[in-house]
2 protein chains.
Amino acid sequence: MVDKNISADNSDKAESKKAAKKEAKKAEKASKRAEHKQTTVQLDTPEEGDVSLGKYGNLPLIRSESNSTRVASYVKDLNKSVSGQTVWVRARLHTVRARGKQCFIVLRQREFTIQVLINVSESVSKSMVKFSSGIPKESIIDVEARVAEVPAGVAGCSQQDVELVASQIWVVSLSAPQLPLQIEDASRPEKSEDEEGLNIHVNQDTRLDNRILDLRTPTNQAIYRLEAGVCRFFRECLMKRDFVEIHTPKIIPAASEGGANVFTVSYFKGSAYLAQSPQLYKQMAIAADFEKVFTIGAVFRAEDSNTHRHLTEFTGLDLEMAFQFHYHEVMLTIGDLFTEMFKGLREQYQHEISIINQQYPAEPFTFLDPPLVLEFNDARKLLAEVGVDVGEEEDFSTPTEKLLGRLVKAKYDTDFYILDKFPLAVRPFYTMPDPRNPKASNSYDMFMRGEEILSGAQRIHDPEFLTQRAKHHGIDISTIAAYIDAFKYGCPPHAGGGIGLERVVMLYLGLDNIRKTSMFPRDPKRITP
Amino acid sequence: MVDKNISADNSDKAESKKAAKKEAKKAEKASKRAEHKQTTVQLDTPEEGDVSLGKYGNLPLIRSESNSTRVASYVKDLNKSVSGQTVWVRARLHTVRARGKQCFIVLRQREFTIQVLINVSESVSKSMVKFSSGIPKESIIDVEARVAEVPAGVAGCSQQDVELVASQIWVVSLSAPQLPLQIEDASRPEKSEDEEGLNIHVNQDTRLDNRILDLRTPTNQAIYRLEAGVCRFFRECLMKRDFVEIHTPKIIPAASEGGANVFTVSYFKGSAYLAQSPQLYKQMAIAADFEKVFTIGAVFRAEDSNTHRHLTEFTGLDLEMAFQFHYHEVMLTIGDLFTEMFKGLREQYQHEISIINQQYPAEPFTFLDPPLVLEFNDARKLLAEVGVDVGEEEDFSTPTEKLLGRLVKAKYDTDFYILDKFPLAVRPFYTMPDPRNPKASNSYDMFMRGEEILSGAQRIHDPEFLTQRAKHHGIDISTIAAYIDAFKYGCPPHAGGGIGLERVVMLYLGLDNIRKTSMFPRDPKRITP
């Protein structure tokens, strides 16, 4: 749900002129009730004569009442080098277990964990240990503690060399005691051979229904950091080559006849549609002299496809580029873009990749520099060698694409390659036909682990030839007049392509479902949370 | 229009199995027709005995038939340093004028222009001069020429020290001869005192109806390059501070009661809505331990506001950040973000700013480092000094905001400032009340040239307090259950805000209409092109 109030950032404020005194009084009452509740919780625990009084409990709700220069340490930085120091840490209570006069807490921060020991002592009371052992998992706590070396190592924590010996424990934000899923279960390798435990797994729908919890697993923390890296490499690589970032509208005036695969939007008294691609707008930017453009944004597909790799809304990494003589100028630029991206991931995201691999093991992603370019007919030959015949003007089926991916991998040892010169018959009307082979076109797909992640082409930039080709495809010219008109006032030859971000991340990591790489996935059956 | 075929990038190809021979034959025919057309045009001009034969004409449609290593020069690089050299340039024919045996062309590339001289000579025929003088404006041409110094300077061109003496002229892409608007007219300063000419201006709707042409003006070339810079500075500044980029869904399951200001989408057999803000999802990312997040994406507002500063779709620069003790940790981070952005623009975009100022003069944007922070009550006092009384729990009206902007500018010499501690009564239910002043809240707006460009706040992160505040606002709790639930399993205190990209660029440049900073603007009356 998004209440209109929830969406009020940056909207114009209603020019409220109402006498607002009533409001203020109500707010005061509500705020007092809240404080009261907090106080009550806090008073539940400390007792008379408690040596730890004032060293633990529930903090009042943080309302920015006061400031502090106290600096919290990050869990990842706690190791032998700070041994003996007293630190403050704010993190989640991952697990807690009481044993006699001791209580062991594992604190979690992103993918990092550390053990905290609360031990009855001169300054730590039984009540404080009892309080600590009763804090619900997933609560956020502030801990003051001494960093102590653990020569034997702490099993199961990312910080193995040290533990924290607590002197203060405060609850910053309490979690409900009943969790709809356990972070440990959601973090378990899918094919784990843990014979001890129940080996519980959390299914995809339970994860997505409780996405806030699910996203807290080390794997998910790593996946979305890596995904941000893919966007960063995409942009950096293109900006270095003087591409200009643009923003294209998602609300568009017309869909194709019948509006297949397009979502309809009520637009004031009329209707509009959600863009399936920024392509027209990228091409308009080229016709408007921006020469090289890219855009990152939401793309919508109203396809009722319930597969491991389809979403109804995904993030498109799109680019379009004018060229001088040959569309290969563009195709090879895109190829280099992928090479830079793969190198960047390999060099800068090894930590994330290894965390993800612990839960979802996968072969490391291989690639060649420069990337392998195969022509469609070469690919047909490779397939023919293993007895699979594909016609000269036929498209590959999805299983054939996967088989081809395996053949290419076996022969060239690369998980990424470019397939050039697709049959004209299987490409959209705006694709430039190959001038030398009437059955081929100036178009290409790019593949990762045998699945298509980019489709692109030289586009026809001449309005008359475009009209001919559209008619040839049986398209009603009146429905695409605006598209054709875009090329009326001179347009340089150009080519481009669109990449699905979530697919790239899924395939790079060898994951089995695109819902694992979309933070809040949308498919025909899911639009929540 | 966007035909479904036009949107086929990255979609799965239909597994076409049809015999496609018919297709190939038709394509061949169409392609022959196109070639024929090209040839015809070309044959219109060269004549028997023409000494320039093969040095000018219409190039065949560039279909990547052949490649070349010929490197084209950029117009901006043509100056005295390359005087005497022979270069190839591909650019637009900006203007053309014949005078006896000479023809003068001005070539335009983005905001750069250069004069080309085609002079009847031993190697340049009359026919070539005639052909050149007949090329329609806005056509894209390839010119081979010698760079020649012009000691007297070339008036009206960006490249004043040199001109090009042409030896070859080829039309790469022909423009229709009738243009719906002239680039010179669209480029003219709005208050120009050009007494010679007709002083024609192009109105906003004509510009937007013919956006491809309009975007070719030097001013528009500069505006959208600067806009890309704003996004870049926003990201760079936040990534440096360990913010993680996320992507939030635009299709959302529920709107507030009645769905005011929300666009409805047909979603398979049901309905969905377009997100008015990524706020819920940013907050969920915080509750999911991402700590600091940002997102750049489309934001939708179904408001029937037809003003200079409202769009129904705009680009949101949004961020959300967990803090330790006080929301000022976040507010001041956002303040620093703006300072870095303004410094970046001043240092790296002076060329663009000066081009834009030639057409739309504006005072340079001023700012303080660190930025000025005023409390709401201080602002009320400033206003009271000039006789404008605003109640303690009232919001500022738009005219009052603008007046305040002028007062602040006069007193502090800054076009940017932060207004902190807005009255609780005028802010949404999820805003954290000020713990010390029951009439105030932990919320802030930021202003550029007297107009609001960011609204933000500490959000309530406690589900019970949030429920109380929602009830107090008369909101049906069932409609926001998902929002409230997001905080059930522990959430750190956090604050954030949303920035409208187009507004930032408009106000930074002192422009008068947000349609000047949205490449393809959407408002209640316009969803084209």
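The values are calculated or read from the model by the stated rules, or taken from the named source; none is laboratory data. Keep in mind that this is a model prediction, so the values were computed, not measured. In this analysis, Cβ positions are derived from the backbone assuming ideal geometry, glycine residues included, and neighbour counts consider all displayed protein chains.
Values as computed for the structure displayed
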item: Failed criterion for B:Lys130 (all others in (1) of a type outside the set (Ser, Thr, Tyr); (2) over 30 Å from A:Ala457 (Cβ atoms); (3) part of a loop (DSSP other than H, G, I, E, B); (4) out of contact with any Lys or Arg (no Cβ under 8 Å at 6 or more places or on another chain) hold); result: (3)
item: Filtered residues of region B:430-444 (kept if surrounded by fewer than 24 Cβ atoms within 10 Å (Cβ to Cβ) and either more than 19 Å from A:Ser66 (Cα to Cα) or free of Cβ contacts under 8 Å to residues at least 12 places away in the same chain (or both)); result: B:Pro435, B:Arg436
item: Residues of region B:402-417 classified as out of contact with any Pro (no Cβ under 8 Å at 6 or more places or on another chain) and either more than 22 Å from B:Leu337 (Cα to Cα) or among the hydrophobic types (A, V, I, L, M, F, W, C) (or both), total; result: 8
item: Residue that is surrounded by the most Cβ atoms within 10 Å (Cβ to Cβ) [pool: residues in region A:463-472 that are facing chain B (nearest Cβ under 7 Å) and not aromatic (Phe, Trp, Tyr)]; result: A:Arg469
item: Meets criteria (touching a residue at least 60 places away in the same chain (Cβ under 8 Å), in contact with a helix residue (DSSP H, G or I) (Cβ under 9 Å, 6 or more places away or on another chain) and crowded, with 20+ Cβ neighbours inside 10 Å) for A:Phe290; result: no
item: Residue among A:Leu368, A:Leu383, A:Leu403 that is surrounded by fewer than 21 Cβ atoms within 10 Å (Cβ to Cβ), in contact with a helix residue (DSSP H, G or I) (Cβ under 8 Å, 6 or more places away or on another chain) and without any contact (Cβ under 8 Å) to a residue 40 or more places away in the chain; result: A:Leu383
item: Some residue of region B:446-454 being facing chain A (nearest Cβ under 9 Å), surrounded by fewer than 24 Cβ atoms within 10 Å (Cβ to Cβ) and free of Cβ contacts under 8 Å to residues at least 60 places away in the same chain; result: yes
item: Test for A:Tyr273: is it closer than 30 Å to B:Ala176 by Cβ and assigned to a strand (DSSP E or B); result: yes
item: Region A:305-322, residues that are in contact with a His (Cβ under 8 Å, 6 or more places away or on another chain) and facing another protein chain (nearest Cβ under 8 Å); result: A:Thr315
item: Test for A:His328: is it over 30 Å from A:Val265 (Cα atoms) and either at the interface with another protein chain (Cβ under 8 Å from one of its Cβ atoms) or polar (S, T, N, Q) (or both); result: yes
item: Lone qualifier among A:Val96, A:Val82 - being in contact with a helix residue (DSSP H, G or I) (Cβ under 9 Å, 6 or more places away or on another chain), modelled with pLDDT of 95 or more and of a type outside the set (Ser, Thr, Tyr); result: A:Val96
item: Complete set of residues in region B:263-273 that are at the interface with chain A (Cβ under 7 Å from one of its Cβ atoms) and surrounded by 20 or more Cβ atoms within 10 Å (Cβ to Cβ); result: B:Phe263, B:Val265, B:Ala272
item: Failed condition for A:Ala302, given (1) under 30 Å from B:Pro524 (Cβ atoms); (2) in a loop (DSSP other than H, G, I, E, B); (3) at the interface with another protein chain (Cβ under 7 Å from one of its Cβ atoms); result: (3)
item: Helices (runs of 4 or more DSSP H) contained entirely in region B:412-529, each with at least 2 residues that are under 34 Å from the mean Cα position of the chain (by Cα) and among the aliphatic types (A, V, I, L, M); result: B:501-509
item: Qualifying positions in region B:113-141 - touching a residue at least 60 places away in the same chain (Cβ under 8 Å) and buried (at least 18 other Cβ atoms within 10 Å of the Cβ); result: B:Val124, B:Ser125, B:Ser127, B:Met128, B:Phe131, B:Ser132, B:Glu138
item: Residues that are within 14 Å of chain A (Cβ to nearest Cβ) and assigned to a helix (DSSP H, G or I), drawn from region B:383-402; result: B:Thr398, B:Pro399, B:Thr400, B:Glu401, B:Lys402
item: Options A:Gln359, A:Gln348: the member that is farther than 20 Å from A:Asp413 by Cβ, within 22 Å of the chain's Cα centre (by Cα) and surrounded by 17 or more Cβ atoms within 10 Å (Cβ to Cβ); result: A:Gln359
item: Condition broken by B:Glu245, with the remaining ones in (1) within 7 Å of chain A (Cβ to nearest Cβ); (2) closer than 24 Å to A:Arg216 by Cβ; (3) buried (at least 24 other Cβ atoms within 10 Å of the Cβ) satisfied; result: (3)
item: Whichever residue in region A:145-165 is under 17 Å from A:Asn119 (Cβ atoms) and in contact (Cβ under 8 Å) with a residue 60 or more places away in the chain and, among such residues, is surrounded by the most Cβ atoms within 10 Å (Cβ to Cβ); result: A:Leu164
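The rows are residues; the columns are (1) of a type in the set (S, T, N, Q); (2) exposed (fewer than 13 other Cβ atoms within 10 Å of the Cβ); (3) within 14 Å of chain A (Cβ to nearest Cβ); (4) farther than 28 Å from B:Leu213 by Cβ.
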{"position": "B:Thr69", "(1), (2), (3), (4)": "yes, yes, yes, yes"}
{"position": "B:Ala72", "(1), (2), (3), (4)": "no, no, yes, no"}
{"position": "B:Val82", "(1), (2), (3), (4)": "no, no, no, yes"}
{"position": "B:Val89", "(1), (2), (3), (4)": "no, no, yes, no"}
{"position": "B:Arg92", "(1), (2), (3), (4)": "no, no, yes, no"}
{"position": "B:Gly100", "(1), (2), (3), (4)": "no, yes, no, yes"}
{"position": "B:Phe104", "(1), (2), (3), (4)": "no, no, no, no"}
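Yes/no per residue for (1) among the aromatic types (Phe, Trp, Tyr); (2) facing chain A (nearest Cβ under 7 Å); (3) within 14 Å of A:His247 (Cα to Cα):
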| site | (1), (2), (3) |
| --- | --- |
| B:Pro493 | no, yes, no |
| B:Gly498 | no, yes, no |
| B:Leu511 | no, no, no |
| B:Arg515 | no, no, yes |
| B:Asp523 | no, no, no |
| B:Arg526 | no, no, no |
